[in-house]
């Protein structure tokens, strides 16, 4: 991995220590350049003309995303966010009273409130799969819960906090064996680790462009297995998803794009495609190894500090490190970090309420090093946290 070139293509790193790729990462120059090029074309000949001229490039984004997740291009829909893709697939399912949804304790808030809504509207039952001894969703506990009423298994692969990587492939094997639909939220996985929808055995996968994938905000994608997609009708359609084929007829598209609408931000889509190509060129295995190495360096460094508590779970940890500093509010730490030129984030209990309530978690600080970070930048955050802890205990306390 050519770190010097990567950092040169990320000029914002010159002004700051950026450790917030789990929130919204920094776009590299090739992504920004591709977007500006198309925006200038729109300025010159209008949005319709630019889309027509760059049709091959725009269509190529589907193939690039498909390559990223080992799918076919007709199984990919481009959407405004992971949540939009998740909702369009989830609400297309034919929910009946008594249907069961099985999910994990670390499920993300946006997904869980949708579970609660269909529970109220349709009489669906939402049940939480127990964790294993290390805090990850337990595949064997899942296996014991499956019966003929289970309609969906929905898991967040890498939760927004807690450092956890759930055993997505093991869960997928159980779902496939039982013939149960499997919806995987890969929002924090995309761009951080390899994704292979066939090895994961998932029927539906969603991801965001703005996080570890380093694409623009307002982008995401939906993978939906071909056979499943052709049997689903989205809850809402337009004449792109379902062309008006006769006075009283419409015909749904024969691919995943039945979950799209006609109007789209092509500048952002081109940026998403460029971000996927950028990650693929570096190599997702290499990216995953470096992300985990830097995150482990951060955990080890923080664990040796007095007054610092780590709140990460699991054996297979992600590049998201969650922690608190005794006596310091999250807002206080974020402000002080910003003044020091360090960018980190926070996660509120409401983001993963089941996990937060079960563990009694407060607001958490969240750092997420990416492959473009240096070891020295990780150490800088460790030193900053040590300083915050010493100030809290008193200047004369050497610990």
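Throughout, read-outs are computed from the coordinates displayed, never taken from laboratory work. Fair warning: this is a prediction, and the values are worked out from it, not measured in the lab. Here Cβ is always computed from backbone atoms with ideal geometry, including for glycine, and neighbour counts include all displayed protein chains.
Here the Gaussian network model covers the chain, with springs between Cα atoms less than 10 Å apart; of 218, 135, 123, 123 fluctuates the most.
Per the Kirkwood formula applied to alpha carbons, the chain shows a radius of gyration over Rh ratio, Rg over Rh, of 0.99.
Ranked for footprinting exposure by Cβ neighbours inside 10 Å, fewest first, 299, 149 give 149, 299. Among 239, 201, which comes first, second and so on when ranked by fewest other beta-carbon atoms within 10 Å? By the 10 Å Cβ count, ascending, the order reads 239, 201. Tell me the angle of helix 284-303 to the major Cα principal axis of the chain, expressed in degrees between 0 and 90 and rounded to the nearest ten. Rounded to the nearest ten degrees, it is 30.
Could you state the number of Å between the C-alpha centres of the stretch 184-261 and the stretch 323-337? When both Cα centres are located, 38 Å separates them. Structure remark: mean-square fluctuation, Gaussian network model of the chain, C-alpha springs under 10 Å; the largest value among 248, 119, 329 belongs to 248. Among 377, 59, 249, determine the one that fluctuates most according to a GNM of the chain built with springs between C-alpha atoms less than 10 Å apart. Largest GNM mean-square fluctuation: 249. Beta bridges assigned by DSSP with both partners in the chain are antiparallel in approximately 50 percent of cases.
The order of the peptides 280-287, 176-183 by mean Cβ neighbours within 10 Å, most packed first, is 176-183, 280-287.
To the nearest ten degrees, helix 330-339 and the longest principal axis of the Cα atoms of the chain are 80 degrees apart. Ranked by how many other Cβ atoms sit within 10 Å of their own Cβ, fewest first, the residues 157, 244 fall in the order 244, 157.
Which angle from 0 to 90°, rounded to the nearest 10, does the C-alpha axis of helix 266-282 make with the longest principal axis of the chain? On a 0 to 90 degree scale, this one is about 60.
Normalised by the number of residues in the chain, the mean separation of alpha-carbon contacts (under 8 Å, six or more apart) gives a relative contact order of 22 percent. Taking the helices alone, the chain has a mean residue ellipticity at 222 nm of -13000 deg cm²/dmol, built from -39,500 (n - 2.57) per DSSP H run of at least 4 residues and averaged over all its residues.
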